Each structure stands twice: as C-alpha cells, then as structure tokens.
Number of protein chains: 2
Amino acid sequence: MAARTPDTDLTDTASQLRNAIVRTSRALRQEAAGESGLSPNQTAVLASINRSGPVTPSELADLERVKRPTMTRTLACLEREGLIERTPDPADGRSSLVAVNDAGRERLARLRRRKSAYLARRLRKLDPEEVETLARAAALLERMREDEQG
Amino acid sequence: MAARTPDTDLTDTASQLRNAIVRTSRALRQEAAGESGLSPNQTAVLASINRSGPVTPSELADLERVKRPTMTRTLACLEREGLIERTPDPADGRSSLVAVNDAGRERLARLRRRKSAYLARRLRKLDPEEVETLARAAALLERMREDEQG
DNA sequence: CTAGGCTAATTACCTAAGCTAACTTTCACA
DNA sequence: TGTGAAAGTTAGCTTAGGTAATTAGCCTAG
C-alpha cells in the first residue's frame, strides 16, 4: 500500500519543523536572559533530574543527549544556584547521585506557574484546540527523542 | 464563560513545550555538527532569505528576531560559503540587499531532501496523523513568532 | 591479589551563536 | 548645511555545545 505520507512530505515537514524549533528556541533563550535566572537549558536539565529521581551525571547526560563534560558544567551551575544536591553513589565510588532539593522544586514550580513566560503569553492567544495540538506535539517530540535512546 | 483552557493548563503546556523544544533543538545542533556543513541556525537564516527575497540585513535580523550584529556574523558565514549574494541597496547607501544564489538554492533543496536528517528519520516512525500534528505545530510556532513581530 | 584495561567525572581548551557597546558611514530634515 | 538618528560592522562578553587528556575507582585474567 502506498504510504499515506510520502517521503517528500516527510522531509518537507522535517524542514519546517526544524526551522520552527530553531527559531523558537532562539526566542526562548533570549527571553530567559531577561529575568528567570535560569536558562532554558538549565531549566530543562533541572526538570529532567526532578523527573528521573536520583541519577548519576552520566545517566543524565544520556537522557539529555549531551556529552558528559557538558553535563558536568550544567550541574556545577545548578549546584552553585543551590537547586540540586549530590550524594556519593553507594554502588560506585567514582560517581554520585544527583537530586533536586526543596529550593529546586520550588523553582520548578515557580517557573511552571509563570504566566508571563514567552510561550505561556503566546499560548493564551490561541484556540484551545491549537493549544492541544502544541501539547501533543511536545509529547511527540519527547517520545521521538527517547526512542533513539540506544 | 469559563475558559476551556485554564491558565494552569496553559503554563503547564508551556513548560512541557519549552523543554521539548530546547531538547530537540540541542539534538538538531548536535547532528548538524556531524555532516551537513551548515548549522541549524545558518540553515534557518538561509531559508528565511530564500522565502523573503532580497532583503536588508536589518530586516532579516527582525525576521529572525536576533540583533543586527548576530545577523552580520551569520551572513558573513553564508557569504563565505558562497550561498548568498549581496547587492548595494539602491534606496539606501548604508545598506545592502541579500539574496540566495543558485548554490544556496541547491543547498536548500538538498537539505530538504535529506531523508537521513534527524527529524526526517524520526518522522518516518510516526503515524501519518502524528506527522500532521507536528506539521501543524510547526506552523503554529511560526505564527506565534510572527504575531509578536512588533 | 595485583596489573592492566575500562569507565565516571572532571579539567582545559575550541567553536558557534546569542548579546551590548562603540564606531563609521549615510540619511533626513530643521 | 549641521546635527541627530539609523544601518552596518567591529570588538569583546557569555553560554552551551564539542573533543582530548587527566584522575580516580572498578573489575577481571592470570
């Protein structure tokens, strides 16, 4: 059976999606510089730690799909901000377990509530079904990312 | 009437979308480093020039929502790669008009065809209606960006 | 039970791509 | 025609990605 979605459409959609993501991500970074005190990257990592519980830096690097040195730096920053805590890994003396502390959870909750954030501001101008489309797109992007985990 | 989409949902969706975008954008950058020869940013700018025809650097900076010095650097790079051309702006001696040349159009077409690109690869594993959701999300993101143009 | 190799984390350094500030050239108009 | 604003660039800062090299801890073969 012929594919419902021929490859030309797919690569075209891929291009459009890619450009939209790149541009939106740029806008997000720019806004974060303003006020929040935490860059979009740092926020995403903090959310990841929160979701995955105590986790080693290496696991986290894999989750976020960055290299370990990059994660080392991000974690150092989150630690300096007092949002995470490390405990020695009982199973491996080379490693440690990273977890979000109270301050970090508070910060995440606050960020999640921010009505004036770039995206929240814009979402409020959309129809409910458009918001729903974006919510499902977000879930799909995460799923796509996780699928390639191996 | 009560909003179909209460603010709590909105800010929550905003958070999820934001993290998904940040992470996907990271993955895109990483892939681009590999092979394509053009970063996602440079690609997005090239596509923008192609879409908007001959355009001044300032207009382009506004379109992409970056500052002028940033655009100067990106244009310098695209020019070095031989993908764009500048002609003096007949209407303003301080400025110039930037346009994609044949090599640039060829490059864009090639990128659009790349079936092995990060997103294209993953889109092929989704249902058609999921692909459709992402396509609509891309359009929405672009629209949201343009709405704030002022 | 230890030698050698593997792995986790870090450090040092490079690059891309945002930004602001400051400078030059050109424009516009009072 | 002189002055202020605007376009583009240059210089320099920051963040966040990367690789290579180092250190410390783990594990296994002999």
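The figures follow:
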{"item": "Region A:123-138 - residue that is within 19 Å of the chain's Cα centre (by Cα) and farther than 10 Å from B:THR13 by Cα and, of those, nearest to the other protein chains (Cβ to nearest Cβ)", "result": "A:ALA137"}
{"item": "B:THR87 being open to solvent by less than 20 Å² (accessible area, probe 1.4 Å) and touching a Ser or Thr at 6+ places or on another chain (Cβ under 8 Å)", "result": "no"}
{"item": "Region B:17-34: number of residues that are in contact with a Lys or Arg (Cβ under 9 Å, 6 or more places away or on another chain) and either open to solvent by 40 Å² or more (accessible area, probe 1.4 Å) or more than 7 Å from chain A (Cβ to nearest Cβ) (or both)", "result": "1"}
{"item": "Among the residues listed as B:ARG80, B:ARG73, B:ARG65, the single one being open to solvent by 30 Å² or more (accessible area, probe 1.4 Å) and within 20 Å of A:SER15 (Cα to Cα)", "result": "B:ARG65"}
{"item": "Residue in region A:103-114 that is surrounded by 15 or more Cβ atoms within 10 Å (Cβ to Cβ), aliphatic (A, V, I, L, M) and within 14 Å of chain B (Cβ to nearest Cβ) present", "result": "yes"}
{"item": "Count of residues meeting criterion [within 11 Å of DNA strand C (Cβ to nearest atom), closer than 26 Å to B:ARG110 by Cβ and of a type in the set (A, V, I, L, M)] in region B:62-98", "result": "5"}
{"item": "Residues satisfying the stated conditions in region B:40-56, i.e. more than 9 Å from chain A (Cβ to nearest Cβ), open to solvent by 30 Å² or more (accessible area, probe 1.4 Å) and in contact with a Lys or Arg (Cβ under 9 Å, 6 or more places away or on another chain)", "result": "B:ASN50"}
{"item": "In region B:74-87, residue farthest from B:GLY37 (Cα to Cα) [restricted to those that are away from chain A (no Cβ under 14 Å) and near DNA strand D (Cβ under 10 Å from one of its atoms)]", "result": "B:ARG86"}
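Residue by residue, here is whether (1) assigned by TED's automatic domain parsing to the domain that holds B:ASP102; (2) in contact (Cβ under 8 Å) with a residue 12 or more places away in the chain holds:
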residue	(1), (2)
B:ASN19	no, no
B:SER25	no, yes
B:PRO40	yes, yes
B:ILE49	yes, yes
B:SER52	yes, no
B:VAL55	yes, yes
B:GLU59	yes, no
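The values are calculated or read from the model by the stated rules, or taken from the named source; none is laboratory data. Computed from a predicted structure; not experimentally measured. All Cβ positions, glycine included, derive from the backbone under ideal geometry; neighbour counts span all protein chains shown. These area figures cover heavy atoms from the full protein model, side chains too; ligands, DNA and RNA do not enter into them. Shrake-Rupley method; radii C 1.70, N 1.55, O 1.52, S 1.80 Å.
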